Amino acid sequence: MRAVGVEDFGGPEALQVFEVAEPHAGPGEVRIRVRAATVNPTDTGLRAGWYGPRLNDQQPPYIPGMDAAGVIDEVGDGSTTVDGTPWQLGDEVMAIVLPTEPRKGAYAEQIVVPAASVARLPKGTDAVAASGLPMNGLTARVALDELGLRPGQTIAVTGAAGAFGGYIVQLAKADGLRVIADASEADEQLVRDLGADDVVRRGDDVADRIRALVPEGVDGLADGAVQSELVVDAIADGGGMAVVRGWNGDPGRGITVHKIMVFGHARDQEALDTLRQRVEDGVVTLRVAQTFPAEQAAEAHRTLEAGGVRGRLVLTFD
Ligand SMILES: NC(=O)c1ccc[n+]([C@@H]2O[C@H](COP(=O)([O-])OP(=O)(O)OC[C@H]3O[C@@H](n4cnc5c(N)ncnc54)[C@H](OP(=O)(O)O)[C@@H]3O)[C@@H](O)[C@H]2O)c1
């Protein structure tokens, strides 16, 4: 079967198509015939070598990709849905994938994942649309849960037009929070349409703009733009900050920094299935920017790295 990855870490041009052995599902696992795999910032990182030491248990090619959607085509013993019923051949599903694990990433015609990393596609969607939900949707859910805000409290979101930030805006609204989101002028309507109560101009001075709206500071902040020390002043004393790239700063003022790592939540089947429900309820929308045949993964990586992509880039395996 075909997989897309790198033998040597490098730029987008390092990505190649490889013929690799067909994987098989063991106990507690399913195999998915992948139709769509998303391209995320972490994939460009894996390709460039950021995860080098964590891939030591693997032999090249190293295969990126943290979420996929497709059809189950092999079921291991004891592999069940969230309801406890066995997964069936032909079930249409989405999955979060951990490319640092021995089974490698999602850029492949067939992937084997733990059954607990799999949920049904939301009704009314297809594999391309749904493939962008598992990883960033779960990350957003985890960030909100760790911030632990109560209905009526205020959250600020940076990078709100992005995948993680957009899910935060929508899930936070559904949680009853007041949402202040950043946006460029061009993205302002997009971020309002996601449901933000207030939109402030993005940039290095975004904390001042948030404070202008909420003088006492926000109760929590989700930092999808990875601005770290530039945004911490927006947070009230005793508030919380969810960081997605492991910031080690100490903001003081009793502010808790929550280092969000979705890797530890990849088998939370119930959370994944709740995201499915959120899409079916119209709370969460799925945004696809562009699809690329998997052979054009290098072009997809160049497009992502150029910035300004709104909605996910998706590789397709026909
Ligand atoms: N720790 C985890 O488990 C985990 C899981 C998922 C994601 N992440 C991380 O979360 C981050 C967001 O991921 P994503 O998929 O949402 O990325 P994305 O779709 O590219 O969104 C990032 C958003 O932030 C904006 N942005 C970038 N730099 C900015 C700046 N200096 N000021 C204001 N806005 C800025 C981007 O705008 P432009 O496009 O115009 O640059 C974009 O709208 C990434 O760093 C990703 O690696 C971590």
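Rundown of residues vs (1) farther than 30 Å from Val169 by Cα; (2) basic (Lys, Arg), yes/no style:
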| site | (1), (2) |
| --- | --- |
| Ser79 | yes, no |
| Thr85 | yes, no |
| Gly90 | yes, no |
| Glu109 | yes, no |
| Pro114 | no, no |
| Arg120 | no, yes |
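Please find, within segment 261-271, the residue that is farthest from the ligand (Cβ to nearest atom) out of those that are in a helix (DSSP H, G or I) and either small (Gly, Ala, Ser) or at positive phi (or both).
Ala271
Okay, residues lined up against (1) closer than 19 Å to Leu313 by Cα; (2) away from the ligand (no atom under 16 Å from the Cβ); (3) surrounded by 18 or more Cβ atoms within 10 Å (Cβ to Cβ):
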position	(1), (2), (3)
His24	no, yes, no
Ile32	no, yes, yes
Thr44	yes, no, yes
Tyr51	no, no, yes
Ala68	yes, no, yes
Asp77	no, yes, no
Thr80	no, yes, no
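So which strands (runs of 3 or more DSSP E) stay within segment 91-132 end to end and still have 2 or more residues that are surrounded by fewer than 23 Cβ atoms within 10 Å (Cβ to Cβ)?
Those strands (runs of 3 or more DSSP E) span 110-114.
Residue check, Gly282 against (1) on the phi > 0 side of the Ramachandran plot; (2) more than 18 Å from the chain's Cα centre (by Cα); (3) within 16 Å of the ligand (Cβ to nearest atom), all met but one. Which one?
(3)
Could you count how many residues in segment 171-225 are crowded, with 21+ Cβ neighbours inside 10 Å and of a type in the set (S, T, N, Q)?
Residues in segment 171-225 being crowded, with 21+ Cβ neighbours inside 10 Å and of a type in the set (S, T, N, Q): 0 in total.
Those residues that are of a type in the set (Lys, Arg) and in contact with a Ser or Thr (Cβ under 9 Å, 6 or more places away or on another chain), I need them from segment 157-206; list them, please.
Correct list: Arg178, Arg201, Arg202.
Taking segment 134-148 only, how many residues are surrounded by 21 or more Cβ atoms within 10 Å (Cβ to Cβ) and away from the ligand (no atom under 12 Å from the Cβ)?
Total satisfying the criteria: 2.
Would it be correct to say that Thr285 is of a type in the set (S, T, N, Q), modelled with pLDDT of 95 or more and in a helix (DSSP H, G or I)?
So Thr285 fails the test.
The values are calculated or read from the model by the stated rules, or taken from the named source; none is laboratory data. Computed from a predicted structure; not experimentally measured. Cβ atoms come from the backbone with ideal geometry, glycine included; neighbour counts cover every protein chain shown.
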